[in-house]
Amino acid sequence: MRLVLLQLKGSKDKIANVQNAVGKLEAAVAEHKPRLVTLPECFNCPYGTKYFREYSESIPNGYTSQQLSSLAKKHQIYIVGGTIPELGENNAIYNTCTVWSPTGDLLAKHRKMHLFDIDVKGGIRFKESETLSAGNDFTIINVDGHRIGIGICYDIRFEEMARLYRNEGCEMIIYPAAFNMTTGPLHWELLQRSRANDNQLYVVTTSPARDPSAEYVAYGHSMIVDPWAKVLKSASEAEETLAADIDFDLVKQVRQQIPVFSQRRLDLYSTERKSN
Ligand SMILES: O=C(O)CCC(=O)C(=O)O
């Protein structure tokens, strides 16, 4: 499966952000002929709680959804459409990833389950729960027979979620994400390699490009980590397109060669889903 990651620059102009994504996607399709394309977290909106309501759209009828749907259909590809602020039921706002099928249909939407509320002294304070609500559903898609779990940014810190996806047959987890200049250098690669190593699957992150003049400065460095926990591809901090061929046989190989999943002491402990 050929995978393309679009690490995109953002601005305060929503239409320009979406059109930048459209242009970069068209160029990547022409050059790489991907089966699956991923976009960054909050690619149509500045990342900040004060912006989410103003930029929010309903799904699948909003402008951004419609653009992604027609691109998926035109090129007969899957698009994991980063995230956008979603205007949901009861006026609630979610940080939501849409997934589009090659027919242009909305295959799934994942609402960020763990809201990014942190306060690192001398580093960064952020409180998504000031304006966002949390999603309550896990999201697994099927691309050409391969199960892929979806998480969003802070979701990557919760290893139970990744374990659950692995337990339910996933071979890859995709996280649209926007780490920052405090936690990015410390944890970005570490978390991806940890989730990949723990669960013996591919981990894919797609970040916005870094804009040092933005209120929230994204770390960049979108990445593909393989099931051996090796970094297969990594972007710089600038706007960039990454392409790679994904070999799902590697998942089988590492699971056979280091069979931790059959060696786990499930008689003593477990990680289980409590809802759908
Ligand atoms: O976990 C982190 O350090 C960053 C998370 C984040 O930026 C987000 O959830 O949007």
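Only one of Val120, Val204 is at negative phi, modelled with pLDDT of 95 or more and not aromatic (Phe, Trp, Tyr). Can you tell me which?
Working: Val120 fails: modelled with pLDDT of 95 or more.
Sole residue among the options that is at negative phi, modelled with pLDDT of 95 or more and not aromatic (Phe, Trp, Tyr): Val204.
All but one of (1) within 15 Å of the ligand (Cβ to nearest atom); (2) over 23 Å from Val37 (Cα atoms); (3) surrounded by 17 or more Cβ atoms within 10 Å (Cβ to Cβ) hold for Met161; which doesn't?
Only one criterion in (1) within 15 Å of the ligand (Cβ to nearest atom); (2) over 23 Å from Val37 (Cα atoms); (3) surrounded by 17 or more Cβ atoms within 10 Å (Cβ to Cβ) is unmet by Met161, namely (2).
Show the residue pairs that are 6+ apart or on different chains and have beta-carbon atoms under 7 Å apart, the first residue being within the stretch 255-276 and of a type in the set (Lys, Arg), the second being in a helix (DSSP H, G or I).
Arg255/Phe261; Arg273/Leu164
Return the total of residues in the stretch 234-256 being farther than 21 Å from Tyr165 by Cβ and out of contact with any Pro (no Cβ under 7 Å at 6 or more places or on another chain). So that I can check it myself, show each step before the final result.
Pass one, the stretch 234-256, residues farther than 21 Å from Tyr165 by Cβ: 234-243, 245.
Restricting the remaining residues to those that are out of contact with any Pro (no Cβ under 7 Å at 6 or more places or on another chain) gives 234-242, 245.
Residues flagged as farther than 21 Å from Tyr165 by Cβ and out of contact with any Pro (no Cβ under 7 Å at 6 or more places or on another chain) within the stretch 234-256 amount to 10.
Specify the residue that is nearest to Phe179 (Cα to Cα); the eligible residues are those in the stretch 238-263 that are assigned to a loop (DSSP other than H, G, I, E, B) and more than 17 Å from the chain's Cα centre (by Cα). Can you show your working first?
Taking the stretch 238-263 as the starting set, the residues that turn out to be assigned to a loop (DSSP other than H, G, I, E, B) are 238-239, 246-248, 258-259.
Next, only the ones that are more than 17 Å from the chain's Cα centre (by Cα) stay: 238, 247-248, 258-259.
On the way: Ala238: 14, Asp247: 27, Phe248: 27, Ile258: 31, Pro259: 32 Å.
The residue in question is Ala238.
Take the residues of the stretch 200-218 that are part of a loop (DSSP other than H, G, I, E, B) and small (Gly, Ala, Ser): which is nearest to Ala244 (Cα to Cα)?
Let us first name the residues in the stretch 200-218 that are part of a loop (DSSP other than H, G, I, E, B), namely 200-201, 207-217.
Still in the list and also small (Gly, Ala, Ser): 207, 209, 213-214.
Values: Ser207: 16, Ala209: 19, Ser213: 31, Ala214: 30 Å.
So the residue we want is Ser207.
Among the residues of the stretch 36-61, write down those that are of a type outside the set (Phe, Trp, Tyr), in a loop (DSSP other than H, G, I, E, B) and buried (at least 19 other Cβ atoms within 10 Å of the Cβ).
Leu39, Pro40, Glu41, Cys42, Asn44, Cys45, Pro46, Ser56, Ile59
Residue by residue, here is whether (1) surrounded by 18 or more Cβ atoms within 10 Å (Cβ to Cβ); (2) more than 16 Å from the ligand (Cβ to nearest atom) holds:
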| residue | (1), (2) |
| --- | --- |
| Ile84 | yes, no |
| Leu87 | yes, yes |
| Ser101 | yes, yes |
| Lys112 | yes, no |
| Val120 | no, no |
| Ile124 | no, no |
| Lys127 | no, no |
| Ile150 | yes, no |
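Provide a single number: the residues in the stretch 119-168 that are of a type outside the set (S, T, N, Q), closer than 27 Å to Val231 by Cα and free of Cβ contacts under 8 Å to residues at least 24 places away in the same chain.
Looking only at that region, the number is 1.
Given the residues Pro212, Pro185, Pro176, which is the only one that is in contact with a Cys (Cβ under 9 Å, 6 or more places away or on another chain) and either over 30 Å from Tyr269 (Cα atoms) or modelled with pLDDT under 95 (or both)?
Pro176
Return the residues of the stretch 178-204 that are touching a helix residue (DSSP H, G or I) at 6+ places or on another chain (Cβ under 8 Å), within 12 Å of the ligand (Cβ to nearest atom) and in contact (Cβ under 8 Å) with a residue 60 or more places away in the chain; say none if nothing qualifies.
Matches in the stretch 178-204: Ala178 only.
The values are calculated or read from the model by the stated rules, or taken from the named source; none is laboratory data. In this text, all values refer to a predicted model and were calculated from it rather than measured experimentally. Cβ sites come from the backbone with ideal geometry, for glycine too, and all protein chains shown count toward neighbours.
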